[in-house]
Amino acid sequence: MLREKVQKAKRIVIKIGTNSIMNAPTKIDYKKIDRLAYAVSALHQEGKEVAIVTSGAVGLGASTMNLKEYPASIAGQQALASIGQGVLMNLYSKFFSHYNQHVGQVLITRDVISFPESYKNVSIALDTLLSKGVIPIINENDAVSVDELNHNTKFGDNDTLSAIVSEVIDADLLVILSDIEGLYTANPATDKNAELITYVNEVTPEIIEMAGGAGSKFATGGMATKLQAADRMIRRQKAMVIMKSDEPSKLFNLLAGEEIGTLFMKEGIHSDKQYSSIGNRS
């Protein structure tokens, strides 16, 4: 069945964006973080190995400092990341502790995984945490990351980071929790005829054209970066799902085989609203 690979996933990476842990630029969504901690802890009890890639450090930094917009300077944004990362990790530790689940912080820059020895060390660190029953909470080290000629240490967005983490730990499934149900044929905010696409077997130029721009000013990336992540997963014969983050307990339904969000995968039985025919065009 199409969703059988999702049901059988043993090692899972869950990515959650800034908009999904904040319900306003200066207001943290404590309920959402609590329900995510509950859902992931329950999955862990069921024998799943789960790693979380989280955005939100800069957003929480801005929230902590009562800012309504980001500073223009890189230094200013890095300062917010430094402030917000501590707040973010404290929230995860607090809510996961309610469910007797240990978590560990892992901050990564692109250059860490660009060299074989560093890549190996990151892989060992994450595997060790997972083997000990600890859920890694992974984020880009925005406080020190830079994107300059001959010194690129930024991933640029956490959709890309989540796909790379999936490669590092050889995850079976990547789930991107978003503020949208999945990939649509058009922008559902402006086109009432937009339809949710439930299955994509290849990220083609036609699929990329469906992607919108960046999200809110307190987030980086949009559907385009999610499609890039999907392409990486498909090329590795792995699965990825984009689904709405409104209720994290829907992860149980997803892993039970329900048709939720958009599934990106190379193989499987095709559903009605899917784009395998586009993916197979030469």
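The values are calculated or read from the model by the stated rules, or taken from the named source; none is laboratory data. As the structure is a computational prediction, the values presented were derived from the model and not from experiment. A quick note on method: Cβ atoms are made from the backbone with ideal geometry, for glycine too, and the neighbour counts reach across all protein chains shown. Calculation scope for accessible area: heavy atoms of the full protein, side chains included, ligands and nucleic acids excluded. Shrake-Rupley method; radii C 1.70, N 1.55, O 1.52, S 1.80 Å.
In the range 79-130, which residues are hydroxyl-bearing (Ser, Thr, Tyr) and either more than 30 Å from Ser63 (Cα to Cα) or in contact with a Ser or Thr (Cβ under 7 Å, 6 or more places away or on another chain) (or both)? Walk me through how you get there before you give the answer.
Residues of the range 79-130 hydroxyl-bearing (Ser, Thr, Tyr): 82, 92-93, 97, 99, 109, 114, 118-119, 123, 128.
Listed by number, the residues that qualify are Tyr99, Thr109, Ser114, Ser118, Tyr119, Ser123, Thr128.
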- Out of the range 58-86, which residues are free of Cβ contacts under 8 Å to residues at least 40 places away in the same chain and not small (Gly, Ala, Ser)? Leu60, Thr64, Met65, Pro71, Leu80, Ile83
- Query: If you check Val58 against the conditions, is it hydrophobic (A, V, I, L, M, F, W, C) and open to solvent by 20 Å² or more (accessible area, probe 1.4 Å)?
  - Reply: yes
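I'd like the full set of residues that are open to solvent by 50 Å² or more (accessible area, probe 1.4 Å) and either assigned to a strand (DSSP E or B) or at pLDDT below 95 (or both), limited to the range 94-106.
Keep residues of the range 94-106 that are open to solvent by 50 Å² or more (accessible area, probe 1.4 Å), which gives 94, 97-100, 102, 105.
Matches in the range 94-106: Gln105 only.
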- Message: I'd like to verify a number: residues in the range 107-150 that are surrounded by fewer than 20 Cβ atoms within 10 Å (Cβ to Cβ), modelled with pLDDT of 95 or more and among the hydrophobic types (A, V, I, L, M, F, W, C), how many?
- Response: 4
- Are there any pairs with C-beta distances below 6 angstrom linking a residue in the range 110-134 that is under 21 Å from Ser93 (Cα atoms) to a residue that is among the small types (Gly, Ala, Ser), with the two at least 6 apart or on different chains, and if so which? Leu129/Gly104; Val134/Gly104
- Message: Take Asn139 and tell me if it is within 22 Å of Val13 (Cβ to Cβ) and without any contact (Cβ under 8 Å) to a residue 24 or more places away in the chain.
- Response: no
- (1) of a type in the set (A, V, I, L, M); (2) open to solvent by less than 60 Å² (accessible area, probe 1.4 Å); (3) farther than 20 Å from Pro248 by Cβ all hold for Val40 apart from (3)
- Query: Pro71 versus (1) open to solvent by less than 60 Å² (accessible area, probe 1.4 Å); (2) out of contact with any helix residue (DSSP H, G or I) (no Cβ under 9 Å at 6 or more places or on another chain): which is the lone unmet condition?
  - Reply: (2)
